[in-house]
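Quick notes on the structure that follows.
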Amino acid sequence: MVDVEDEILVRRVAAGDERALGSLYDRYARLVYGAGVRYLGDRGLAEDLVQDVFTSVWRNAAGFDPSRAGFSTWVYRITRNRATDLIRRRKARVRTVGGDSLPEPGEPDPAGELSRGFDVASALSRLTPAHRELLVLAYFDGLSQREISARTDTPLGTVKSRTTAAMRALRDILADTDGGPADE
């Protein structure tokens, strides 16, 4: 299911396909967790957020309407809503003294970082598996091109040219307002 688009996977989830949910989880769980850590400021709550978000995806997949928003936008909204709920519950129980203040529920993402992250994840899901693997290894796992070459048993020159092609394809997908699949 690596090559299947998010919107098709969510339709399969609505039909009860657990593997499709697993594929969406693999694509978005790290992003939801990272958003949770940034928004909630607590790793434990961020783990709860991931569970809440994907439980919601499972329960509400039939209500997903691709004509209203892409899957990444839908998951982003679920993430924001669940994070807001967690903040409200936490504020009702505990008042912190000093330190950085938490964002207020409903407060917009000031830098747009979270929504951009979901856009990138959605775009990555539209890349070929080889391109996606290179970019994930480089940018999410922090490997150098030489390390990617060694890990994937691919010549260094091939890693370099594929990385360039992958970045170009990713840029084209992000620039495409339709968000259609990348060529290759």
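The values are calculated or read from the model by the stated rules, or taken from the named source; none is laboratory data. These figures come from a predicted structure and were not determined experimentally. Note: ideal-geometry Cβ built from the backbone for every residue, glycine included; neighbour counts use all protein chains shown.
You will find that of V37, V57, V50, the residue that is of a type in the set (V, I, T) and farther than 25 Å from P129 by Cβ is V37 and no other.
R88 falls short of the stated requirement of being in contact with a helix residue (DSSP H, G or I) (Cβ under 7 Å, 6 or more places away or on another chain) and in a helix (DSSP H, G or I).
Any idea which residue in the range 1-36 is surrounded by the fewest Cβ atoms within 10 Å (Cβ to Cβ), counting only those that are acidic (D, E) and not in a loop (DSSP other than H, G, I, E, B)? Step by step, filter the range 1-36, then rank; the result is E18.
Per-residue answers, yes or no, for (1) buried (at least 20 other Cβ atoms within 10 Å of the Cβ); (2) within 17 Å of G22 (Cα to Cα); (3) in the same structural domain as I8 (by TED's automatic domain parsing):
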residue	(1), (2), (3)
R38	no, no, yes
T55	no, yes, yes
A69	no, no, yes
V75	yes, yes, yes
D85	no, no, yes
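Within the range 137-166, the set of residues being under 30 Å from T79 (Cα atoms) and either surrounded by 16 or more Cβ atoms within 10 Å (Cβ to Cβ) or touching a His at 6+ places or on another chain (Cβ under 9 Å) (or both) comprises L137, A138, L143, A166.
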